[in-house]
Amino acid sequence: MSFGIGLAAVKSGLIDDTGHPLWRRARRWCLGPGVALGLAGAAIWQWGRPVPGVVLTIVCAPVATLGYLGLIAALSRPLGPIMARALAAGSSSLSIYLGQSIILSTIFTGYGLGLWGAVDRLTATAIALVVTAGLILALSVWRTRFALGPFEWVLRRITYAGPRAGQVRTTFPPRS
């Protein structure tokens, strides 16, 4: 259902219209309550009875998401230099995602520093946020010199790899 709503928003042009009244209403009516209820659900889930926390988190997620979309629309209207750099890093999301996986698994698992059981949740969250912010900053600098992030470049090379000059492309079944 969410995919269908998103597709309809794209096809209608609503997604591209950052000044649409819906985004202002979403910021005003959905962002605060959605985030507050999401945090309450996460707290109940973590420190209380899990089922009510899970239910509250799942039920309020679409409300918070609509609020986040309204906030993103507001931030993207007058595109300043900081937002332009953040968007450039955001278009390298594969590099950020894989960078997080590589760095955080090295920090927390046994083949790395093994900090999984050694730090509390707040410290682990802080480490993850610092790693993510560092990756976004690094990708912002990277993108000032290169058109693609490092892993996007590798993916593009693999995707568009074909036979080199002088090589014969074989297909199965053979063409007649």
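Bear in mind these aren't lab numbers, they're just calculated from the coordinates by the rules spelled out. Quantities reported herein were computed from a predicted structural model and do not represent experimental measurements. Heads up, the Cβs are rebuilt from the backbone with ideal geometry, glycines too, and the neighbour counts pull from every protein chain shown.
Give, in nm to one decimal, the length gained when the segment between residue 25 and residue 76 is fully stretched (0.36 nm per residue of separation minus the Cα-Cα distance). Display every interim value, and only then the final one.
On the way: separation 51, 0.36 × 51 = 18.36 nm, distance 1.62 nm.
The residue 25-residue 76 span can extend by a further 16.7 nm.
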(message) Between residue 55 and residue 42, what is 0.36 nm times their sequence separation minus the Cα-Cα distance? Round to one decimal in nm.
(response) 3.7 nm
(message) I need the phi-derived Karplus couplings for the stretch 23-35: 6.51 cos²θ - 1.76 cosθ + 1.60, θ = phi - 60°, integer Hz, Gly and Pro marked x.
(response) 5, 5, 5, 4, 5, 5, 9, 10, 4, x, x, x, 5
(message) Which one, 132, 117, 151, projects farthest toward the positive side of the charge dipole computed for the stretch 81-159 from Cβ point charges (K/R +1, D/E -1)?
(response) 151
(request) Enumerate the amide H contacts of residue 149 below 5 Å, restricted to partners 5 or more residues apart or on another chain; note that Pro and chain-start residues carry no placed amide H. (result) none
(request) Take the Cβ-Cβ distance between residue 161 and residue 141 as r, set R0 to 41 Å, and report the resulting FRET efficiency rounded to the nearest 0.05. (result) 0.90
